[in-house]
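The values are calculated or read from the model by the stated rules, or taken from the named source; none is laboratory data. Just so it is clear, the structure is predicted and the values come from calculations on it, not from any experiment. Heads up, the Cβs are rebuilt from the backbone with ideal geometry, glycines too, and the neighbour counts pull from every protein chain shown.
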Amino acid sequence: MGVPVVHLITDRALCADLPARARAALAGLPRGRAAVHLRERDLSGRDLLTLARELLAACREAGQLLVVNDRADVALACGADGVHLPAAGIPPAEARRLLGPSALVGVSCHSEGDVSRARAGGADWATFGPVLDTPSKRPYGPPLGFDALARAARLGLPLVALGGIDGSSAPAAAAAGARGVGVIRAWLAGPDPARTVAALSAALP
């Protein structure tokens, strides 16, 4: 199972009906091109599992993947395709032991050191950012920029550029060596999620 190039991260504050939004956003996309990341930290395990199953159904209908952020137990319970771990989360190898050898395991990274550790730990990919300024990533510090992305990409782990990425900046992320891009507002806040996601996919190899 390859790493998708478009990573759609959820935020119920921007869109209350995430399964419907996912169906709209993924319509017509080539199979395996995108992954929806379920990241709703305020939900209980029970409610997160319910939402995960609804999103998984939407992803399966479109031939795309579902990744659960941090909660390997929820990923396992719903049959998700993988898990995305925080930098200080459980080691990638432990997540894979829980979820099985075919599971996709990603790690959030904010420096070259993070990327090196994720690669050594057996991650399939890492998000890297914030590349550009975006409200959701300001707690992590100033934007890292495309030069830092390029240096991190040379370490050999497939990277997903995150933070302020949209259709206009996705080509620059790809040129810097990113395997894919991750977005929140770009797919949740716009009027035409299918067009937005298709444009992101077209901007990447």
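Only residues that are of a type outside the set (Gly, Ala, Ser) and in a helix (DSSP H, G or I): list them for the range 175-193, please.
Scanning the range 175-193 gives 185, 187, 188, 193.
Can you name the number of the only condition in (1) buried (at least 23 other Cβ atoms within 10 Å of the Cβ); (2) outside any helix (DSSP H, G or I); (3) of a type in the set (Gly, Ala, Ser) that residue 152 fails?
That leaves (2) as the condition not met.
Going through the range 194-203 one residue at a time, which ones are touching a helix residue (DSSP H, G or I) at 6+ places or on another chain (Cβ under 7 Å), in a helix (DSSP H, G or I) and not hydroxyl-bearing (Ser, Thr, Tyr)?
Result: 194, 197, 200.
Given the conditions (1) on the phi > 0 side of the Ramachandran plot; (2) part of a helix (DSSP H, G or I), which single one is not true for residue 28?
The one condition residue 28 does not meet is (2).
Please note which strands (runs of 3 or more DSSP E) are completely contained in the range 61-126 and include at least 2 residues that are in contact with a Pro (Cβ under 8 Å, 6 or more places away or on another chain) and within 17 Å of residue 2 (Cα to Cα).
Hits in the range 61-126: 104-109.
Mind counting the residues in the range 1-22 that are in a helix (DSSP H, G or I) and over 27 Å from residue 158 (Cβ atoms)?
So the answer is 2.
Assess whether residue 160 counts as being modelled with pLDDT of 95 or more and farther than 25 Å from residue 142 by Cα.
Here the answer is no, as residue 160 does not meet what is asked.
From the residues in the range 134-149 that are in a loop (DSSP other than H, G, I, E, B) and in contact (Cβ under 8 Å) with a residue 24 or more places away in the chain, which one is nearest to residue 114 (Cα to Cα)?
Checked the range 134-149; the qualifying residue nearest to residue 114 (Cα to Cα) is 144.
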